[in-house]
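**Student:** Quick one: this structure, given as structure tokens, is what I'll be asking you about.
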Amino acid sequence: MEKFNAAILGLGGMGATHAEAARKSPYIDKIYGYEPDEERRNTRCKEIGIIPATLDEIMADESIKFISIASPNETHVELAERAMRAGKSVLCEKPMGTTLAEARHLAEVEKETGAFLQIGFELHYSKMYKQVKDWINAGLIGTPVNNQCRYYCCEFHKKNNWRSNSTGSFLIGEKLSHYLDLQRWYFGETPQNVYSLSAAKVVDYFNHRDNHQILTRYPDGKIATLNFIMYIAESHTGHDPLRDLLEQQVDDGHYLQYHICGTKGAIETDVFRRRIRRWEFGDSPTNMTSKIVETITFPKEEDQIYFHNVEGQNIHVIELIAKGKPSEMTAQQAYETMKLCFAAELSEDTGELIDFNDPRLK
Ligand SMILES: NC(=O)c1ccc[n+]([C@@H]2O[C@H](COP(=O)([O-])OP(=O)(O)OC[C@H]3O[C@@H](n4cnc5c(N)ncnc54)[C@H](O)[C@@H]3O)[C@@H](O)[C@H]2O)c1
């Protein structure tokens, strides 16, 4: 098996996960790491167990075929473009840029260079959400018509870092792009229009909004809602609530639930209860009936595989690259998800219902 080298750009929390995934891939030989600040680069590379390198060295080194980008959002497009133009295959964390123009530009560069580019919508590789897609594809809930996501968490972004200092509707791209992407994936359709509201901020040191209620209409009367707040849930001292401590969070105000209702049944995913359920609708002489026919639970050890499978995604993407296969989520598909994110932001900025073909979304 021919092995190649990898480089990780951005060595914070997610960069360490990307490095770990590359280490587990049978296709990867050496792993290099880049951070702009030399001292931090050396420290983080030592901590993670990878080789420090400058950006110029990484781009010029032909043995480095795979680049994964886990730097702050505003650096994604510049780094991904540079890597693709240097002939690298790229896995870039979401969001695909901080403006829609950036996202479109990246899709254009992918087309122009023919390079491999996949944006890190890892929920496609997380067992919980993949199970939903499989049930929908098998026709078990009929036609999905109504898609709802409730996501309440604690504030874990901390004061005065690149996240809390970002502006506008930053959290839509940063966190909710995953769940808006699921809507599109489950319906298999392009949205028609979007209306989104955001209440006054509660987290006063955020430069961006901290809550969102996003309503999206899809063809044939299908609708989706997403309700997000970054408070209520009890604070904890860990990192991302999705990475640890689920037991403590199950009944303290954390919610990450998704309901997909179809014409013949429904599905619920519940991260904090580690549970997926499926309902089947039926008929009786007096009324419509509904019954829970399948319940899947999973142990703590499988948390990441079930609902946050960045590692599985990365290992799989490296395999695609090794085998010369195309990206499984095209840049154009990722762009459509980002368009939905920016349509919601535009709606919040203007108070308008935004048509998906609105010229301001070009
Ligand atoms: N897919 C997911 O579920 C998921 C989860 C968490 C984070 N993310 C994404 O991963 C990215 C990183 O998040 P994080 O939590 O690791 O952030 P972080 O702040 O912990 O790490 C970012 C790192 O990038 C470095 N950096 C800054 N500018 C850089 C540049 N120009 N080039 C290279 N590195 C640079 C910083 O010094 C820092 O070490 C973000 O885009 C975030 O949205 C995705």
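**Student:** Can you tell me which of (1) within 17 Å of residue 327 (Cα to Cα); (2) touching a Lys or Arg at 6+ places or on another chain (Cβ under 8 Å); (3) in contact (Cβ under 8 Å) with a residue 40 or more places away in the chain is the one residue 68 doesn't meet?
**Tutor:** (2)
**Student:** Here's something else I'd like to know. Residues being within 15 Å of the ligand (Cβ to nearest atom), part of a loop (DSSP other than H, G, I, E, B) and out of contact with any strand residue (DSSP E or B) (no Cβ under 8 Å at 6 or more places or on another chain): count how many of those fall in region 96-116.
**Tutor:** 3
**Student:** Could you list, in sequence order, all residues of region 1-19 that are more than 16 Å from the ligand (Cβ to nearest atom) and at pLDDT 95 or above?
**Tutor:** Answer for region 1-19, where residues must be more than 16 Å from the ligand (Cβ to nearest atom) and at pLDDT 95 or above: 3, 4, 5.
**Student:** How do the helices (runs of 4 or more DSSP H) wholly within region 20-91 filter down when requiring 1 or more residues that are polar (S, T, N, Q) and within 14 Å of the ligand (Cβ to nearest atom): which remain?
**Tutor:** Correct list: 38-48.
**Student:** Would you mind stating whether residue 60 is at pLDDT 95 or above, under 22 Å from the mean Cα position of the chain (by Cα) and small (Gly, Ala, Ser)?
**Tutor:** When the stated conditions are applied, residue 60 does not pass them.
**Student:** Moving to a separate point now. Please go through region 33-57 and pick out each residue that is of a type in the set (Val, Ile, Thr) and over 26 Å from the mean Cα position of the chain (by Cα).
**Tutor:** 43, 51, 54
**Student:** While we're here: Out of all the residues in region 13-44, which are surrounded by 15 or more Cβ atoms within 10 Å (Cβ to Cβ) and touching a residue at least 40 places away in the same chain (Cβ under 8 Å)?
**Tutor:** Across region 13-44, the qualifying residues are 14, 15, 17, 18, 20, 21, 22, 25, 27, 28.
**Student:** Give 69, 8 a once-over and let me know the one that is hydrophobic (A, V, I, L, M, F, W, C) and in contact with a Cys (Cβ under 6 Å, 6 or more places away or on another chain).
**Tutor:** Only one candidate qualifies: 69.
**Student:** Okay, moving on. Does residue 117 satisfy the criteria of being in contact with a Ser or Thr (Cβ under 7 Å, 6 or more places away or on another chain), closer than 18 Å to residue 12 by Cβ and at pLDDT 95 or above?
**Tutor:** Spelling it out, it is not the case that residue 117 is in contact with a Ser or Thr (Cβ under 7 Å, 6 or more places away or on another chain), closer than 18 Å to residue 12 by Cβ and at pLDDT 95 or above.
One line per residue, one yes/no per condition, for (1) more than 30 Å from residue 251 (Cα to Cα); (2) crowded, with 18+ Cβ neighbours inside 10 Å; (3) touching a residue at least 12 places away in the same chain (Cβ under 8 Å):
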| residue | (1), (2), (3) |
| --- | --- |
| 267 | no, yes, yes |
| 277 | no, no, yes |
| 295 | no, no, yes |
| 298 | no, no, yes |
| 301 | no, no, no |
| 329 | yes, yes, yes |
| 335 | yes, yes, yes |
| 344 | no, yes, yes |
| 347 | yes, yes, yes |
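**Student:** Sticking with this structure for a sec: For residue 5, work out the one condition from (1) under 25 Å from residue 97 (Cα atoms); (2) assigned to a strand (DSSP E or B) it doesn't fulfil.
**Tutor:** Looking at each condition in turn, residue 5 falls short on (1).
**Student:** Output the residues belonging to region 139-171 that are outside any strand (DSSP E or B), away from the ligand (no atom under 15 Å from the Cβ) and crowded, with 20+ Cβ neighbours inside 10 Å.
**Tutor:** Selection gives 141 alone.
**Student:** Before we move on, is residue 109 among the β-branched types (Val, Ile, Thr) and more than 23 Å from residue 84 (Cβ to Cβ)?
**Tutor:** No.
The values are calculated or read from the model by the stated rules, or taken from the named source; none is laboratory data. No experiment lies behind these values; they were computed from the predicted model shown. No Cβ is skipped: glycine too gets one built from the backbone with ideal geometry, and neighbour counts run over all protein chains shown.
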